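Take a look at the structure below.
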Amino acid sequence: MARTGVVQLTPSRLAFSSSDHPVASAGPRRAPPVAHNPATRVRAIFISDVHLGTPGCKAEHLLDFLRYHDSDFLYLVGDILDGWALRSRFFWHQTHNDVIQKVLRRARKGTHVTYVPGNHDEVARQFCGLNFGDVAICDEAVHTLVDGRRLWVVHGDLADGVIRHAKWLAHLGDTLYDCLLWTNRHFNALRARLGFGYWSLSQYLKHKVKNAVSFISDFEHVLVREGRRRGFDGVVCGHIHKAQIHTIDGLLYCNCGDWVESLTALVETLEGELKIVTWDSIHAPGERVLRWNDAETEQEPQPSIAVPAT
């Protein structure tokens, strides 16, 4: 199927601005990859808030999701790496390497990969406008759906007043959130030993707190208003770890969720339908992830060479 989507990149723009900025369309790329495993083919995948570099990151679930989903477009919508956590305590599991390798391999094979940094990986914003390993880095992007609607793709921290005006308070909240995730991790370890599936205690508590619910509502409305002001038909974001697709005042609002609590991604099907996919169980545990240097030879096993006896 021919790809009709358009990826547009905009230069770094960290605060709301009424000025217009030039938009560059992504150049021609190689044909999309062919899935070697039985995989669901979708047009676009949006992933945010993976938080690689933290114990709470469910990298193995994300790897499993990517094994079963292939796409023409892949958007990394911020907080993929957790620079805040890595600066204070180093944690890096092999599965975190594997996630990066899998993304790079897809980019090499022709998937349009766009990385929109968030507040936890804000160090990457200094590279906006550049390409690394066929991954385009930009502060925001535009995705065009099959039906022609234009979605503003942005992490969303620019709509968070705490991040913008009281960063010290955001770091304090992040520390408390880590404690909650630690509790969640051990709680689910106990559930697993008892034969129960994954259930996010931290997400349940967060969505029951009145102030948190109010913050989420305010966050959504701020982004929708800004998206409308800029002339978009919808917004795709992350940041608040709350997967959602709904319409606010006539504008489409989509949140990817996260890979710490909800284990969700936003996908656009080949027909142009937007869906939230939850991936809270692992279907192919322990499958090897190809490294950068052996990606080209996945389907080309090296011939054996007979060594004559001496």
Just the residues that are in contact with a His (Cβ under 9 Å, 6 or more places away or on another chain) and of a type in the set (A, V, I, L, M, F, W, C), please, taken from the range 224-247. Val236, Cys237
I'm checking my understanding of the structure. Among residues of the range 116-132 that are outside any helix (DSSP H, G or I) and touching a residue at least 40 places away in the same chain (Cβ under 8 Å), which one is surrounded by the fewest Cβ atoms within 10 Å (Cβ to Cβ)? Gly129
Search the range 259-283 for residues that are more than 20 Å from His241 (Cβ to Cβ) and β-branched (Val, Ile, Thr) and pair each with any residue that is modelled with pLDDT of 95 or more and in a strand (DSSP E or B) when their beta-carbon atoms are under 8 Å apart and the residues are at least 6 apart or on different chains. Thr269/Val42; Thr269/Arg43; Thr269/Lys275
Give the range 200-224 a look and list any residue that's in contact with a strand residue (DSSP E or B) (Cβ under 9 Å, 6 or more places away or on another chain) and at pLDDT 75 or above, or say none. Phe219, Glu220, His221, Leu223, Val224
Out of the residues in the range 225-277 that are hydroxyl-bearing (Ser, Thr, Tyr) and modelled with pLDDT of 95 or more, state the one that is surrounded by the fewest Cβ atoms within 10 Å (Cβ to Cβ). Thr247
Condition (residue is part of a helix (DSSP H, G or I), in contact with a Phe, Trp or Tyr (Cβ under 9 Å, 6 or more places away or on another chain), modelled with pLDDT of 95 or more and closer than 15 Å to Val260 by Cα) applied to the range 74-92: is it met by at least one residue? no
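The values are calculated or read from the model by the stated rules, or taken from the named source; none is laboratory data. Note that the structure is a prediction, hence the values are computed from the model and not measured. Glycine also receives a Cβ, built like all others from the backbone with ideal geometry; neighbour counts cover every protein chain displayed.
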